[in-house]
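Accompanying notes for the structure given below.
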Amino acid sequence: MCPHRSFPNLILEGYSITSPRDARYNCIAWAAQCTTRFWWPGPPGPPYSYWPSGLRDDESIESFVSAFEALGYEACTDDSYEVGYEKVALYAKGPKPTHMVRQLPTGSWTSKLGRSVDVEHSTLRGLEGTAYGHVAVILKRRSP
């Protein structure tokens, strides 16, 4: 996959492919640091694989926020790197979540593009546009 075809801002912002295509996990799992299963709210089984039990399981921004709050994250407004914290950001088109990214200790961001490759990109803006919409929420938690 050539990410810049779907994400023209990646060319302007800079990116690198960091892993080969892997359909076992998606961007939500990648943001949660899981590479063994596909995370998405909904009934168990294909195309869904996992969603934390006892939480909202609809395709809403609130469901995704609650899943990451269960992992210790809380909402914040700043996407800059903070020593001692891990950050994730949720993209959405209107009220519908579309993508999630995780910040690396370098301050760059890492994304799993659907069932395709993982990429590292320097800013959140790199993935904004028609495919994923815009950043809806940024969350952070203290690093373990």
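Each reported figure results from applying straightforward, stated rules to the coordinates on display, with no laboratory input. This structure is a prediction, so every number in the text was calculated from the model and none was measured. Note: ideal-geometry Cβ built from the backbone for every residue, glycine included; neighbour counts use all protein chains shown.
Across region 3-142, C-alpha contacts under 8 Å between residues 6 or more apart give a mean separation that, scaled by the residue count, equals a relative contact order of 33 percent. Using the Cβ-Cβ distance between THR130 and LEU12 with R0 set to 22 Å, the FRET efficiency works out to roughly 0.90. Each residue of region 59-71 was assigned a 3J(HN,Hα) from its phi angle through the Karplus curve 6.51 cos²θ - 1.76 cosθ + 1.60 (θ = phi - 60°); the sequence is 8, 10, 4, 4, 5, 5, 4, 5, 4, 7, 5, 5, 8 Hz, with glycine and proline shown as x. Modelled spin-label separation between ARG5 and CYS34, with each label point placed 7 Å from Cα along the Cα-to-Cβ direction: 3.0 nm. In region 3-142, the convex hull through the Cα atoms has an average projected area of 7.8 nm², a quarter of its surface area. Just to confirm the filter: which trypsin sites (Lys or Arg not before Pro) across region 85-128 are DSSP coil and have at most 15 other Cβ within 10 angstrom of their Cβ? Qualifying residues, ordered by number: ARG115. Using the rule -39500 (n - 2.57) for each DSSP H run of four or more residues, divided by the residues of the chain, the 222 nm mean residue ellipticity is -3500 deg cm²/dmol.
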